[in-house]
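Heads up, the thing below is written out as structure tokens.
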Amino acid sequence: MLPPINRQSDHAGVSAKNGEETSKRVKRWPRAAICVMLPLQPYRKQLQVREMIDIQNVRVFQQQTQVFDGFTLRIEAGERVAILGPNGAGKSTLLKLISRELYPVEREGSHVKLYGNERVNLWQLRSRIGFVSHDLQEDYTPYTTALDVIVSGFFGSVGSHDHLQPSAEQVEKARALMARLDMTNYSGTMFQRLSTGQKRRLLLARALVHEPEALILDEPSNGLDMGASLKMLTLLRGFCGQGRSMLIATHHVDEIIPEIERVVLIKEGRVVADGPKAEILTTEHLCSLYQTELSLSTQDGWYRCWHG
């Protein structure tokens, strides 16, 4: 029997002895679970595989709606990939499948493997992948201070709690991340009083507390003004500059930073094109994807798209 879900912690559904998933059945996982990370080095030694994500022939539902049927996608460690598609294409469902918020229907010839394993130790997995999503931002405890938002990443909790006491080293690391993201002056400010761009930067810092080797982001500049969007995209470029993997799900080509090397187009739960960025981001492909007349331009590795 699966244990009950506790939305204040990501201990749900995991064996207390070894952290392994307790079931392969279709199951939702709490959104709070998606940004916790542990030290990198021990896990890197255990799993020497090329594929970071291996999704094969999966069928996935969101509540009563079937989103994927026979969906397949592979992403190797070290790749920087953008998933591009219109609203309702399945982008967010794909990220929830990777983060273990959703599970596929169990059937022969179908699997979701992360770093070569279908059954993974969730604590160790999160030492390698950090997630940033709009869903987590919406769910976050509004009265938590900015500093505590980052500190909570050490525990995988939403907000601070009396039974979760950070060490002085953890607090110092959180402060260093605040300085890196130009948020030092807001350490005592409540989450609800911050701008959308500031909230998003805090969640990025939360995802970085244990220095993951991969970041997965759902529409990272969604809802941000031009200045905040440029700050966020600049931070993501810096993360790529450290030789790490990145997966961005978006429906805006201007969120695809120059460091992205591969683009996957999805529509109605299917991959319709997949390949090097320069070959996939074409006017022909985008007009077909969005079913409208579009023009496309590129400069210094950035892409811009407009109607007409």
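Please list, in chain and number order, the residues 5+ apart from Tyr103 or on another chain whose amide H is under 5 Å from its amide H, with Hs placed from the backbone.
Under 5 Å from the amide H of Tyr103: Lys27.
Excluding same-chain residues fewer than 8 positions from Lys231, which aspartates and glutamates have a Cα within less than 20 Å of its Cα?
Here the aspartates and glutamates satisfying the reach criterion relative to Lys231 are Asp182, Glu211, Asp218, Glu219, Asp254, Glu255, Glu259, Asp300.
For segment 204-308, build the charge dipole from Cβ charges (+1 Lys, Arg; -1 Asp, Glu) around the Cα centre, then report which of Ala205, Leu215, Gly301 sits farthest towards its positive end.
Ala205
Enumerate the amide H contacts of Leu215 below 5 Å, restricted to partners 5 or more residues apart or on another chain; note that Pro and chain-start residues carry no placed amide H.
Residues meeting the amide H criterion: Gly130, Ser245, Met246, Leu247.
Computed FRET efficiency, Cβ-Cβ of Thr234 and Arg107, R0 41 Å: what is it to the nearest 0.05? Mind showing how you got there, number by number?
Numbers: r = 43 Å, r/R0 = 1.05.
Plugging the Cβ-Cβ distance into 1/(1 + (r/R0)^6) gives 0.40.
Give the shape of segment 247-308 as rounded, prolate or oblate, defined through the alpha-carbon gyration tensor: a ≥ b ≥ c are the square roots of its eigenvalues, a/c under 1.5 means rounded, and otherwise the shape is prolate if a/b is larger than b/c and oblate if not.
Details: a/c = 1.66, a/b = 1.06, b/c = 1.57.
Since a/c reaches 1.5 but b/c is at least a/b, the shape of segment 247-308 is classed as oblate.
Given a Förster radius of 51 Å and the C-beta distance between Ser167 and Asn117 as r, what FRET efficiency does 1/(1 + (r/R0)^6) yield to the nearest 0.05?
Between Ser167 and Asn117 the formula returns 0.95.
Please work out how much accessible surface Thr72 shows to a 1.4 Å probe, ignoring ligands, DNA and RNA, in Å² rounded to 10.
Surface open to solvent at Thr72 totals about 50 Å².
Return the sequence-ordered ³J(HN,Hα) values of segment 50-63 in whole Hz as given by the Karplus equation 6.51 cos²θ - 1.76 cosθ + 1.60 applied to θ = phi - 60°, using x for Gly and Pro.
7, 7, 7, 10, 9, 10, 10, 6, 8, 10, 9, 10, 10, 6
Using θ = phi - 60° and the Karplus relation 6.51 cos²θ - 1.76 cosθ + 1.60, list the HN-Hα couplings for segment 246-263 in order, rounded to whole Hz, with x at every Gly or Pro.
Going residue by residue, I get 8, 10, 10, 9, 7, 10, 10, 5, 6, 8, 7, 5, x, 6, 5, 10, 10, 10 Hz, with x marking Gly and Pro.
Please give the per residue accessible area of segment 226-285, computed with a probe of 1.4 Å over protein heavy atoms only, in Å².
Each residue of segment 226-285 exposes 43 Å² on average to a 1.4 Å probe.
Which sequence of Arg206, Arg107 reflects their accessible areas, 1.4 Å probe, from the largest down?
The ordering from most to least exposed comes out as Arg107, Arg206.
Quick one: grab the alpha carbon gyration tensor of segment 130-223, order the square roots of its eigenvalues as a ≥ b ≥ c, and give me rounded if a/c is under 1.5, else prolate or oblate depending on whether a/b is larger than b/c.
Here segment 130-223 falls in the rounded category.
Let me cross-check Met183: its accessible surface, 1.4 Å probe, with only protein heavy atoms counted, in Å² to the nearest 10?
0 Å²
Using a ≥ b ≥ c from the Cα gyration tensor of segment 207-305 (square roots of the eigenvalues), is it rounded, prolate or oblate, where a/c under 1.5 gives rounded and otherwise the larger of a/b and b/c decides, a/b for prolate?
Prolate, since a/c reaches 1.5 and a/b exceeds b/c.
What list of ³J(HN,Hα) values in whole Hz, one per residue of segment 272-282 in order, does the Karplus curve 6.51 cos²θ - 1.76 cosθ + 1.60 (θ = phi - 60°) give from phi, with Gly and Pro shown as x?
So the Karplus estimates, Gly and Pro as x, are 9, 6, 7, x, x, 3, 5, 7, 8, 7, 10 Hz.
If you average the alpha carbon positions of segment 242-290 and of segment 201-216, how far apart do those two centres end up, in angstrom?
Segment 242-290 and segment 201-216 have Cα centres separated by 22 Å.
The values are calculated or read from the model by the stated rules, or taken from the named source; none is laboratory data. Source: prediction; values computed, not measured. Virtual Cβ from ideal backbone geometry, glycine too; neighbours counted across all protein chains shown. Quick note on the areas: whole protein, heavy atoms, side chains included, nothing else; ligands and nucleic acids left out. Shrake-Rupley method; radii C 1.70, N 1.55, O 1.52, S 1.80 Å.
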